[in-house]
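What follows is one structure encoded as structure tokens, with my remarks underneath.
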Amino acid sequence: MCLRLKFLPIGFLALLLLTSCNEPSSNSLSSTDADIDQIKALQIKWNQAVEMGDIDGYISVLDEEIELIPTDAPAFQGTESYREMLEGVFSTSTFDIEVVDAGTIEVEGNMAYARYDYIIHTTSIPSDSIQTTTTVSSYRKFLDVMRRQSDGSWRVYKHIWNYNEPVVAL
């Protein structure tokens, strides 16, 4: 009896090692591939909304509990706060996104992580007080945390960026 108990932990460890070395099933791989494709489509839709100044389109890719964590401003949460910020931003500027590095997307269960680099070209919109336009370009590094929704779709849960180099006015 004592001998069997001594070898039981070794046998259990061997079994654990053997089962952990198995290849993932094709179902889990295809699910991850499908998730990555869905997140890439979300990123395209998001970029289009930014370039068109489409607030509703932008908000549609965000989780209700979105948290924006920018480099040069306080963080804030929620789609209504985000909407208020976008109203101000899109009323004063237009944006052109230059993809420098589409980056990587990793899916872990109901969370996913997207890391990418863009150059954002921001052009001011003329107003009553300012008649000229100025374009400023900034190279930014982004990290987004996505959360799977109850319907299986993905939305942006945390949006984080910082500048890769100083902002340049054109």
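The values are calculated or read from the model by the stated rules, or taken from the named source; none is laboratory data. No experiment lies behind these values; they were computed from the predicted model shown. Don't worry about glycine lacking a Cβ; one is built from the backbone with ideal geometry, like all the others, and counts go over all protein chains shown. Only protein heavy atoms, including side chains, enter the accessible area calculation; ligands, DNA and RNA are left aside. Shrake-Rupley method; radii C 1.70, N 1.55, O 1.52, S 1.80 Å.
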query = Are any residues in region 135-164 assigned to a loop (DSSP other than H, G, I, E, B), open to solvent by 40 Å² or more (accessible area, probe 1.4 Å) and in contact (Cβ under 8 Å) with a residue 24 or more places away in the chain, and if so, which ones?
reply = 149, 164
request  = May I ask you to list the residues in region 108-118 that are more than 16 Å from residue 159 (Cα to Cα) and assigned to a strand (DSSP E or B)?
outcome  = 108
query = Does residue 95 qualify as being open to solvent by less than 50 Å² (accessible area, probe 1.4 Å), in a helix (DSSP H, G or I) and over 22 Å from residue 154 (Cα atoms)?
reply = no
query = Does residue 86 count as in a helix (DSSP H, G or I), surrounded by 13 or more Cβ atoms within 10 Å (Cβ to Cβ) and either out of contact with any Gly (no Cβ under 9 Å at 6 or more places or on another chain) or among the polar types (S, T, N, Q) (or both)?
reply = no
key: Of the criteria (1) of a type in the set (A, V, I, L, M, F, W, C); (2) open to solvent by less than 60 Å² (accessible area, probe 1.4 Å); (3) part of a strand (DSSP E or B), which one residue 100 fails   = (2)
message = Checking the structure you have, find out if any residue of region 110-127 is loosely packed, with under 14 Cβ neighbours inside 10 Å, without any contact (Cβ under 8 Å) to a residue 24 or more places away in the chain and farther than 17 Å from residue 32 by Cα.
response = yes
request  = Search region 87-115 for residues being among the hydroxyl-bearing types (Ser, Thr, Tyr) and within 16 Å of residue 49 (Cβ to Cβ), and hand back the single one that is farthest from the chain's Cα centre (by Cα).
outcome  = 91
query = Taking region 68-110, which residues are more than 23 Å from residue 127 (Cβ to Cβ), touching an Asp or Glu at 6+ places or on another chain (Cβ under 9 Å) and not acidic (Asp, Glu)?
reply = 75, 76, 77, 78, 79, 97, 99, 100, 102, 103, 105, 107
remark   = Within region 58-71, of all residues that are part of a loop (DSSP other than H, G, I, E, B), touching a residue at least 60 places away in the same chain (Cβ under 8 Å) and loosely packed, with under 15 Cβ neighbours inside 10 Å, the one nearest to the chain's Cα centre (by Cα) is 70
